[in-house]
């Protein structure tokens, strides 16, 4: 299953102290967690997620109702692939497993892109490199690239042939 979601500033995960009143927020976890479905069900909040000191909770729709799916989350996790990160320019490194990883991926900071965040868009102006850099998916055939990449490739070939 592939889940795609465009993240907006309104999708910021709020801490429970921003959502619940003080009496609920200060309850022990065992007493407090039973209330975790409520913020998802309040339509005016329009929450997609929230968190406490131990959990990250995602709000989801199920049979016309909204529920919270909470899981333990390490808020102090470092993103350096156990000190072996190949990510450049402040990119965050993620691995498929903590022990003997087979794959790692870099999540780049703003204005950087590439498999190791090695390319920068600053100082480019309006070059194709800066515009298309975020759209090109590495190690994926042209057939499965986005329409903008395909159109740009065709235009580039035409311009190169025409001179």
For region 66-84: of the residues being at pLDDT 85 or above and either more than 30 Å from residue 36 (Cβ to Cβ) or over 18 Å from the mean Cα position of the chain (by Cα) (or both), which is surrounded by the fewest Cβ atoms within 10 Å (Cβ to Cβ)?
67
Count of region 105-121 residues which are buried (at least 16 other Cβ atoms within 10 Å of the Cβ) and assigned to a strand (DSSP E or B):
5
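Between 42, 3, 16, which is surrounded by 10 or more Cβ atoms within 10 Å (Cβ to Cβ) and under 16 Å from residue 71 (Cβ atoms)?
It is 16.
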Please determine whether any residue of region 117-126 is under 17 Å from the mean Cα position of the chain (by Cα), modelled with pLDDT under 85 and over 30 Å from residue 40 (Cα atoms).
no
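The values are calculated or read from the model by the stated rules, or taken from the named source; none is laboratory data. What you see is a predicted model, and the numbers here were worked out from it, not measured in a lab. For neighbour counting, all protein chains shown are included, and Cβ atoms are generated from backbone atoms with ideal geometry for every residue, glycine included.
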